[in-house]
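The values are calculated or read from the model by the stated rules, or taken from the named source; none is laboratory data. Owing to the predicted nature of the structure, the values given are computational and were not obtained by experimental measurement. Virtual Cβ from ideal backbone geometry, glycine too; neighbours counted across all protein chains shown.
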Amino acid sequence: MDNSQEDKKRLGSSWPLANCFSNCLAMPVSSRSKLEQSSPGSSDNHQDEENQKDFSSSENTRRRKPGGWKAMPFVLGNETCERLANIGLLSNFNVFLLTVFHLDQVSASNMVNIWSGATSFLPLLGAYISDAFVGRFVTLAFSSISALMGMVTLTLVPWIPNLHPPPCPTKKSCKGPTSSQMGFLALALGFLSLGSAGIRPCSIPFGVDQFDPNTEEGRKGINSFFNWYYTTFTVVIILALTVTVYIQTNVSWVVGFGIPTLLMVVAIILFFLGTRVYVYVKPEGSIFSGIIQGLVAAYKKRNVKLPENGEFDGIYYDPPLMKGTIVKKLSLTHKFRFLNKAAVIQEGELRPDGSRTNKWNLSSIQQIEEVKLILRIMPVWASGIICFLAMAQQGTFTVSQALKMDRHLGPHFEIPAGSLGVISMITIGIWLPIYDRVIVPSLRRVTKIEGGITLLQRIGIGLVFSILSMVAAGLIEPMRRASANKHGGSTGVAPLSVLWLSPQLILMGFAEAFNIIGQIEFYNKEFPENMTSLANSLFSITAAGANYLSVFLVNVIHHTTGTKDHPDWLTKDINQGRVEYFYFLIAGLGVLNFGYFLYVAPGYKYKSRVRVDEDVDGDHEMKPDFSIELNGLKP
């Protein structure tokens, strides 16, 4: 392995940290570079020879002049249009279901959360298929076509009268969608999810592939690519939450869906026009296979007895790491000791040259310890689901509240209900520079921690803000409902400014700034260097878990809280329900989750951390520290 691969790996593992103000919960899943695709801990001598052959083949490809910036319009254009389509749809989709399909709050919330969950989960599968079988270009090609099919199908829904319910003649005589209309809509969403499954995990790594990291020009190109990627991504979010949502709400749903569809057509044409300038990297297997192999080997050897004296020379399979790897060599530990059985060498499991005869029967110490690192992170990961649960309500019941409030700014402009998420974005955009440039340096001088506070402390603060956001939402809703019932008239719209929802959205912006960004950084720093793909997948799975948990809670509440005397909390008419109780329930779950977090976080030992000590000249000197916990420092 040469320096170019090392540089590429380092860049590939750090990219998510730049996305400091993304309001999109489904982050891209980073496919691994060639270094990441060769798991050092599980490599043996026999496999090293095969890797060298594959590596030489890939290097021949790399010696061809890379596409560089010539390929960027095709790569960035494809990703930008996919994001514009999906974010623009997600941010206003609840309004579409309520106003065009005439669904009640519960049904609309269920559909949004189920689709969002699938869109967040499927990139994990897309990353695996790309890494192990077909490669990034093929994955992007088929996924882009799937996304286009989804957008075309979705545009037809409001365009063709037979594909959606007729307009409501009166408020109380709305006709709901038929099963065939719901089926056609589900087909459109399915195509969009499949598109996201391939585009999100592959777009960034495929863009990085176009530059040669072995040259200074190539390394600068990679850095500029990341800057342009996040610049376009931010512009897409703003356009989706403002222009696209405004067109959908105030002009036409057909036009609002049709514009992203046409852009997707242009993106696909550009993508295939770039085939002559692209650099292609062949698939070489997925890290997920190594994880599964370790677990299978441990299960097969569940009856094997481990040595009692602590000696392991010649007992455990522990080959050296591949030459030139930047992955840290891990020593055998006794935590999750049952996994150590997978590395116990038994008769017939090694060839004469020291390589394994069957990788499903024998794992290396490095491979097992990497699995243990994942298991150690899982308790912290689980605490993020409830925080995402609170955030998920911005696209469902917060939108339902906004639809029954005065959304006018001046006499001629009305804020689209789906655009309120911009308030959280503005909060993040204002807060992060202040936090990074003012607060962190001040905290660093006191705590001697590079980031001012530890990553777990940052995640914990975000949990608190998510609880406060739900409390604020619960306090504002009774005031909104009382105003609507007293002064709303036949429309049920409260003469109360929609900006009263700002406190809960601002607090949620702080929750995202602390918790979401903290989670991204935590996973990428604490996972083994060759597992950044899985690290970013966990973030998406957290969002998916929160979406499905929201579906479960909404349905339980809908079916258990209603009586003969009053409707359920989440009844179709929000002015007759008790949405604040739902918010308070999420806040209560958040408090319990925060208690759980305080229980598991202090016991977590960071893989590595950096302290900052002041030298005599006042300059900062970075020193590693391996025992920083949530509740402070331990020498």
The residue that is surrounded by the fewest Cβ atoms within 10 Å (Cβ to Cβ), considering only those in the stretch 351-382 that are among the hydroxyl-bearing types (Ser, Thr, Tyr) and touching a Phe, Trp or Tyr at 6+ places or on another chain (Cβ under 9 Å), is Ser364
Residue selected from the stretch 152-182 under the condition modelled with pLDDT of 90 or more, out of contact with any Ser or Thr (no Cβ under 7 Å at 6 or more places or on another chain) and of a type in the set (Ser, Thr, Tyr), by the criterion nearest to Gly258 (Cα to Cα): Thr153
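Yes or no, residue by residue, for (1) part of a helix (DSSP H, G or I); (2) surrounded by fewer than 24 Cβ atoms within 10 Å (Cβ to Cβ):
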position: Ile453; (1), (2): no, yes
position: Arg458; (1), (2): yes, yes
position: Leu468; (1), (2): yes, yes
position: Arg481; (1), (2): yes, yes
position: Ala484; (1), (2): yes, yes
position: Leu496; (1), (2): no, yes
position: Met508; (1), (2): yes, no
position: Ala511; (1), (2): yes, no
position: Tyr523; (1), (2): yes, no
Test: residue in the stretch 97-107 that is more than 15 Å from Gly195 (Cβ to Cβ), in a loop (DSSP other than H, G, I, E, B), among the charged types (D, E, K, R) and in contact (Cβ under 8 Å) with a residue 60 or more places away in the chain: yes
Of the residues in the stretch 577-633, how many are touching a strand residue (DSSP E or B) at 6+ places or on another chain (Cβ under 9 Å) and either in a strand (DSSP E or B) or at pLDDT below 50 (or both)? 17
